[in-house]
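Coordinate-derived values only; no laboratory data. Just so it is clear, the model here is predicted, and its values are computed rather than measured. When we count neighbours, we look across all protein chains shown, and the Cβ atoms used for this are built from the backbone with ideal geometry, even at glycine.
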Amino acid sequence: MEMKSSAIEGSPTTVLLDLDGELDASNYLDVIERVRQLYAAGARRLIINLSDLKFLSSSGLVSLHSAALIMRGEEPPSPELGWSAFHAIASDVEQGFEACCKLVNPQGRVRKTLEMTGFNTFLEIFDDTASAARSFSAV
């Protein structure tokens, strides 16, 4: 999987993270580490572009949840704890939309995975980056 990040023009604390390929057990920790680096560099809002993501596994869901927690300033549960990470996800999904992290344009199987797991009620999904960026100022 490839990742690239860029600042959103006009909002120095908002970053776009583009994911391309498959997000699974082989690379989900890389996503978490990249988000940690972005937060350490001053990012406080994250837009994750899923337009080119072809597959999202349960490990990928853990990385998306961890990204939201990091942007909140919280430490995510250790992925080594297995089911504990999924219990934390379930708890957050029940609480509604996350304010610091948004998703853009998931396609096909990725969108279906987000819907089947309830992630679409935790991480708000937008059709384009501009709409996602504007949503932060509405909060």
Ordered by residue, what ³J(HN,Hα) values in Hz, to whole numbers, does the stretch 120-136 give under the Karplus form 6.51 cos²θ - 1.76 cosθ + 1.60, where θ = phi - 60° and Gly and Pro are x?
5, 9, 10, 10, 5, 10, 10, 7, 8, 5, 4, 5, 4, 4, 5, 5, 5
Within the stretch 119-139, whose backbone N sits under 20 Å from a point 7 Å along Cα→Cβ of residue 7?
129-137
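Using the crude model of +1 on Lys and Arg Cβ and -1 on Asp and Glu Cβ, and no other charge, please compute the dipole size for the chain relative to its Cα centre, in debye to 20. Before the final figure, lay out each step's value.
Numbers: 12 positive and 19 negative charges, 46 e Å.
Computed charge dipole of the chain: roughly 220 debye.
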Farthest toward positive dipole pole in the stretch 1-48 [+1 Lys/Arg, -1 Asp/Glu at C-beta], among 35, 3, 21
35
Rg and Dmax of the chain, Cα atoms only, in Å
13.4, 40
Could you go through the stretch 28-35 in sequence order and give the Karplus-derived ³J(HN,Hα) for each residue, using 6.51 cos²θ - 1.76 cosθ + 1.60 with θ = phi - 60°, rounded to whole Hz, and x for Gly and Pro?
5, 5, 5, 5, 4, 5, 4, 5
Considering only C-alpha atoms, what is the centroid distance from the stretch 118-139 to the stretch 28-70, in Å?
15 Å
Stretched fully, the stretch from residue 109 through residue 97 gains (0.36 nm per residue minus C-alpha distance, one decimal, in nm) 2.2 nm
